[in-house]
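See below for the structure under consideration.
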Amino acid sequence: MEAGSATVDRGKLPVWALGLIPVVLIALALAALVLLDGPGLGERNGVPLEELVVEQTTLNPGEIELTVRNDGPDPVEIAQVSVNDSYVPFEGAGEVGRLGAQTVTVPYPWIEGEAYEIFLLTATGGTILHEIGAAAETPGVDLSFFGLMALLGIYVGVIPITIGMLWLPFVRRVGQGGIRILIALTVGLLGFLAVDTFLEGREIALSGPQGFGGEALVFIGAAVAYLALVGVDSYLRGRRKKAEVGGASGSYLALLVAIGIGLHNLGEGLAIGSAYASGALALGAFLVVGFALHNTTEGLAIVAPIADQEVKLGRLVGLGLIAGAPVTLGAWIGAAAFNASLVAFLFGVGLGAIIQVIVQLWPMMRSRLDGSLSPGVVAGILAGVGIMYTTGLLVSI
Amino acid sequence: MSNQSNPDTSKRVSRRRLLAGGALATASLPLLHQGVPHKGIHEAIAGAPANAQGGGHHSAGAQGTTTAPTGGGDGGHLLHADFRAGPEVDHAANGFNPTEMLRDFDYGTTRRLPGGQILREWDIVASDKEIEVAPGVKYAAWTYNGRVPGPTLRCTEGERLRIRFTNASDHPHTMHFHGLHSAVMDGMPGVGEQQGGGQILPGESFDYEFDADPFGMHLYHCHTSPLPIHIAKGLYGAFIVDPKAGRPPADEMVMVMNAFDTNFDKGNEVYAVNTVGFHYQRNPIRVTRDELVRIFLVNMVEYDPLNSFHVHANFFNYFQTGTSLQPVEFTDIVIQGQAQRGILEMRFPSTGLFMFHAHVTEFAELGWTGFFEVVD
């Protein structure tokens, strides 16, 4: 009786209100703390920390433009700017709040190929140094640029991957054991890409502001992508059971592989685009050939799981686009709006997607008898890593 | 503060471009340091009072420079180094203005001693004070009488000098004069402590007393260790001993070449004459054509071994240390190590704007640049 009445009492308030009470209380407590200026806490301990990070450098004829972000806990005021030990008139002075950004525009007769050292002098006399290794004009982002990047994406993404998928007839004839080895090869390819994506993402994260999370963004992106794909996976499985359609896991897996590779290629595009934007990309046949060879093997990875299925040509093209087109998208983002924090997160997303795909593929490589990895499978994994490593040598952005 | 350099994407790039992209018309880029400074000067002082006229006097070329550069819109050209457009430093808050400081000679107070000798006295107080050395840039300085450089103490050879020094700073300091005096009066920590000299601790006072000798252009500075800090922080000033017979009448000014290590990395960020970078570029020193100009020049820059003074379109007689009435050289440039000093005498034969600057051009473009504006 007692317990029963207590339940009824509790039931007087709706559940959502019970959930909201602590939230309201913490909001009130924090508001009071702010309004009373943190009673008993006193001033900050020590001198303000000035941490400005140069996020983006744009070189136009006769002009240097820096986008800086305040990466520290205290506001920073930019008072003066010097280029190669020369004070210069500039625009964009003033206070930059925590995590805020500011664009500093300096008219300066920079010379192509030469190095520049810029320091921002803050109101407290602190200096934030920024080096430009070799000055080159930042390409304008216009229609022809978008066209160029689209073409590049098709050359190094869509075409090679689609061609790689033409291994499908070959894959169909190699038999069960052969498919296992090809799946292992795919896992090897993807494993290499996972490590590569992680290292790249980490490097980019470290080069940018740390205030938004830095390296953690790569892990957050990976977790988000992995969990999202796991969720999608279980949702699709659920639907499949309801529809009582079996045996479609191959084409479904192919889709997952294509998505994973697509997200990885988004990162590849980002790297291409940002390198192009900083004027450091050799847009030559060499780059295209390297990337094309590198990415052709990705086509094989997509078709390996669908070896035993009838697949329409349109579907293959669709898979090729999913895997390859993100190169173009990445290149657009990388060149037009490079942001280290965003890019690090996207690399994380690519990483998470690839890991999820590897997890999906893993059972398919194992022996049906005892679940072990046969020597052929292990060799396949190693061959995949080797292929990626070798073709990767052809492209270093 | 964070001093790290964060490489942007271009730094990560391991390969330089193989295909030259859109060719850069380097020819269209203007030279950094044009030979026609007056165009920029008028822009620079556009918001400042009075001095903007006189543009018709100088040599050609100004019009060509404004069209040469490309890009960047209105601000896309650079005639010479300068701070950003905008407000000057707050001279009132600093408590001194380099334009006034230039011709500000502190003669102290005098009375005749029983023996007939003149006693000249000053009160000097050392204190800690934040000053603005470039627009918007504050520096925690140590000062004599609230200014950097300290007051220009001026006297005549043979006089008895008494400098009543009080240390109101949080740190021990001294006053060490370049000149002839006894060991107790040397302002050297550890020397003459028994007699009250040596290190002068916070809250303490000491009277430095000696005869003005020899005549010349001298200086004083704090001699407390760590010496580089005590000098770099601003504890120095000019000390002029005139010869008994005096010098020919002239438009006299004192220039203390100094610099500030605002980020404490043992290298200077702002260079100047009389503390505020580019002050005389933005506020040219007005002088009269053909009138004798006498400059008392001393180098007090810390962390850099040499400094120099160069004036455009003119030559001067240089009196090394000012201890002889015969010039040692007729030149347009003089190089000084720290505490080296001299007297420059020149006349400007034509009107117009004439730059003067350190011919250590790095210093020039970090603030040590000014203009004479010669008028009739």
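Nothing in this text is a laboratory measurement; each read-out follows from the coordinates by a stated rule. Everything numeric in this text was worked out from a predicted model, so none of it was measured. Using ideal geometry, Cβ is built from the backbone for each residue, glycine included, and neighbour counts are taken over all protein chains shown.
Observations on the model:
- Assigned charges on the beta-carbon of Lys, Arg, Asp, Glu; region B:113-171 dipole about Cα centre (debye): 160
- Its residue count N sets the reference 2.2 N^0.38 Å, and the alpha-carbon radius of gyration of chain A equals 1.25 times that reference.
- For A:PHE291, net neighbour charge (Lys/Arg +1, Asp/Glu -1) across residues whose Cβ lies under 11 Å away: -2
- Local electrostatic count at B:ARG289 - Lys and Arg +1, Asp and Glu -1, tallied over other residues with Cβ under 12 Å: -3
- Computed 3J(HN,Hα) for region B:207-213, one whole-Hz value per residue from the Karplus formula 6.51 cos²θ - 1.76 cosθ + 1.60 where θ = phi - 60°, is 9, 8, 9, 6, 8, 6, 6, glycine and proline marked x.
- Relative contact order of chain A, defined on C-alpha pairs under 8 angstrom at six or more residues apart (%): 22
- Of all aspartates and glutamates in the structure, the ones whose alpha carbon falls short of 17 Å from that of B:LYS129, not counting any fewer than 8 places away in one chain, are B:ASP90, B:ASP170, B:ASP261.
- Span from the region A:84-135 Cα centroid across to the region A:184-209 one, whole angstrom: 32
- Highest to lowest packing among A:64-71, B:237-244, scored as the average C-beta count within 10 Å: A:64-71, B:237-244
- Derived scalar couplings between HN and Hα for region A:89-104 equal x, 7, 10, x, 6, x, 7, 10, x, 4, 6, x, 10, 8, 9, 10 Hz in order, rounded to whole Hz, by the Karplus curve 6.51 cos²θ - 1.76 cosθ + 1.60 (θ = phi - 60°), x for Gly and Pro.
- Karplus 3J(HN,Hα) series, Hz, for region B:121-134 with 6.51 cos²θ - 1.76 cosθ + 1.60 (x for Gly, Pro): 10, 9, 10, 10, 10, 8, 8, 8, 7, 7, 10, 9, 9, 8
- Peptides B:95-107, B:309-321 ordered by packing proxy, namely the average of other Cβ atoms within 10 Å per residue, highest first: B:309-321, B:95-107.
- Estimated from helical segments only, the mean residue ellipticity of chain A at 222 nm is -19500 deg cm²/dmol, where each DSSP H run of four or more residues counts as -39500 (n - 2.57).
- Dipole check for region B:230-376: with +1 at the C-beta of Lys and Arg, -1 at the C-beta of Asp and Glu, and the Cα centre as origin, the magnitude is about 340 Debye.
- GNM result for chain A, Cα springs below 10 Å: residue of A:LEU189, A:LEU148, A:LEU18 fluctuating most strongly: A:LEU18
- Considering only alpha-carbon pairs that sit under 8 angstrom and 6 or more positions apart, the relative contact order computed for region A:66-147 is 29 percent.
- Of all the options A:VAL15, A:VAL76, A:VAL54, the one that moves most in a Gaussian network model of chain A with Cα springs shorter than 10 angstrom is A:VAL15.
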